[in-house]
Amino acid sequence: MFVSPFHDLEEKLRANFGEFAGWEMPMNFTSYAEEHMSVRSSVAFFNLSHMGRLRVKGNPKEFEMLVAKEVSKTNSGNMIGPTAFLNDKAGFKDDVMVYKVSENEWLIVTNAINREKIVNWIKSNSNLDVEDLTFKYGMIAIQGRKLEEILGKNELKPLEFKLNTKFMGYDVFLVSKSGWTGENGLEVWVTLDIGRQLIMDLVKIGIKPAGLIARDSLRQEMGFVLYGEDIDETITPVEARYWVFSLEKDFIGKDSLVERIKSGIEKVRIGFKMKKGERIIPRHLSKIYSLGNEAGYVTSSTFSPYLNRVIGMGYVNPKYFYLGYNLAVEIRSKQYDIKIDEFPFI
Amino acid sequence: MNEMKVGRYVVLTDRLYTETDEWVVLSNDNVVVVGITDYAQKKLRDIVGIELPQLQKEVKAGESVGVIESVKAAADIFSPLSGIIVEVNNKLLEHPEIINKDPYGEGWIFKLKASKLSEEKEKLLSPEKYIEKIKGG
């Protein structure tokens, strides 16, 4: 198992560690609810060093064939994303953020679980040069509504990034205005030495560390999918309602994707809320029913500290997809009402 | 209150334990207080809900009497002894996270009037034996 590069420092910050995608990472420091609310009302930082970070160089036409969104339409210094690498059946190889460095160089953030798979997939589908930067740099995300109040105004616009720049007085490899929480945020790629100093400085100025549980509840409030839970190689962007592609260009999986759109889909991703006061969480693959008929299954669910209720997402047959309609979810042989609602939940 | 530590887990010496990670405080009138251990709450991580035992219900030792919902999993709460449920900690319904904050104190879950205390007590684990059980966990 890989270990967080800031493990000893996080131990001092009283992290509770847990396994995620083959990494031992901080799950929480105090409680996920407090950490979650820090992001929604103030600011917090996350160590996301487990996420795969790749540098890809080569022929832009070859790269364009791998990515479902149009890379050529984005200016250098901007992110394309989220977008996806699809298999030839249009299932998700991974959902990724792509950073366009220049016409023939890109950085990619993959899900931790897919890093090696994506390196191999790029190599076997192109002549592009791939370098894995995951262990060279740490990645720290600073996220929250009061980001600029606390850290000062940042010149970057959403989805812009800068390479080899200064951040809080340190030389860093990359700063981007991005995140996965729905709030204002910055993500920084740093050498491990500087990462340690940066973490200590952030704590010193009162920005609290947050763990992966809070990151998971924050992304669920926004309706963002998690690879392995909500999407995988069998799910296409159409079923996931994850509009990460452009049909105006060619890419691996496009033909299948077009076919899927033409023929229609057998399941579609929904968001749902449980009744207020119901403090019971449907787990991954819990069955969803409509008036006694099996309608689908849950993929993610959590208790939202912001909404003070249980929220989740899953897939149902499109014939049951009515906004505001009540379905039921089965938990330990008992059925509980859930109401279909649209993302984001907040 | 004397406490012992095993790694990051705290075990108190003033009570007995179960194989299923409950703690039991014994008192004179055969009423015992039950909660889950620090080890159990840390393994479960953030607790977001609880189904409390049913008041006045007669239960057997080892019987599932409630459920704890955490962000990670749902876990049964087992009764450490046979008897009748005489009180439940209703505060946990609104604030189940108290179990994370204070598993051995404010986070107690239920009280039980034990019916076979003297014979069943022997099956509970001493703090030392409980430490052996969670070592390496």
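Roughly how large, in nm² to one decimal, is the mean projection of the convex hull of the alpha-carbon atoms in region A:266-341?
4.4
Give me the summed buried accessible area for the B-A pair, 1.4 Å probe, to the nearest 100 Å². Please report the intermediate quantities before stating the final value.
Values: alone 7290 and 15110 Å², together 21090 Å².
It comes to approximately 1300 Å² buried between B and A.
Percent of accessible area on the protein assembly as shown owned by carbon and sulfur, 1.4 Å probe?
Numbers: 10310 of 21090 Å².
Exposed carbon and sulfur together represent 49 percent of the surface.
What is chain B by shape, rounded, prolate or oblate, if you read a ≥ b ≥ c off the alpha carbon gyration tensor as root eigenvalues and call it rounded for a/c under 1.5, prolate for a/b larger than b/c, and oblate otherwise?
Details: a/c = 1.66, a/b = 1.08, b/c = 1.54.
Oblate.
Taking every eigenvalue of the Cα gyration tensor of region A:53-121, multiplying by 5 and rooting it, what semi-axes result, largest first, whole Å?
So the equivalent ellipsoid measures 18, 13, 11 Å along its semi-axes.
Which value in nm describes the separation of the simple spin-label points at A:ILE346 and B:GLU119, placed 7 Å from the Cα toward the beta carbon?
5.5
Probe of 1.4 angstrom, ligands and nucleic acids ignored: what's the accessible area per residue over region B:19-137, in square angstrom? Please report the intermediate quantities before stating the final value.
On the way: 5600 Å² over 119 residues.
On a per-residue basis, region B:19-137 sits at 47 Å².
Put simply, what bits of region B:21-51 lose 50 Å² or more of accessible area when the other protein chains are there, versus the chain on its own (1.4 Å probe)?
Those are B:ARG45, B:ASP46, B:VAL48, which lose 50 Å² or more relative to the chain on its own.
Using each residue's phi in region B:88-101, evaluate 6.51 cos²θ - 1.76 cosθ + 1.60 at θ = phi - 60° and report the 3J(HN,Hα) Karplus result to the nearest Hz, with x for Gly and Pro.
Residue by residue, region B:88-101 yields 10, 8, 5, 4, 5, 4, 8, 10, x, 5, 4, 4, 5, 6 Hz.
Which of the three applies to region A:1-131, rounded, prolate or oblate, going by the alpha-carbon gyration tensor with a ≥ b ≥ c and a/c under 1.5 meaning rounded?
On the way: a/c = 2.40, a/b = 1.90, b/c = 1.26.
Prolate.
Can you give the accessible area per residue of chain A, in Å², using a 1.4 Å probe? Let's see the in-between values first.
Values: 14460 Å² over 346 residues.
I get 42 Å² per residue for chain A.
How many percent of the alpha carbon pairs in the protein assembly as shown exceed a separation of 35 Å?
Values: 47015 of 116403 pairs.
So the pairs more than 35 Å apart make up 40 percent of the total in the protein assembly as shown.
The values are calculated or read from the model by the stated rules, or taken from the named source; none is laboratory data. In this text the structure is predicted, and so the values were computed from the model without any measurement. Reconstructed Cβ throughout: ideal geometry from the backbone, glycine too, with neighbour counts over all protein chains shown. Side chains included, ligands, DNA and RNA excluded: accessible areas come from the protein's heavy atoms. Shrake-Rupley method; radii C 1.70, N 1.55, O 1.52, S 1.80 Å.
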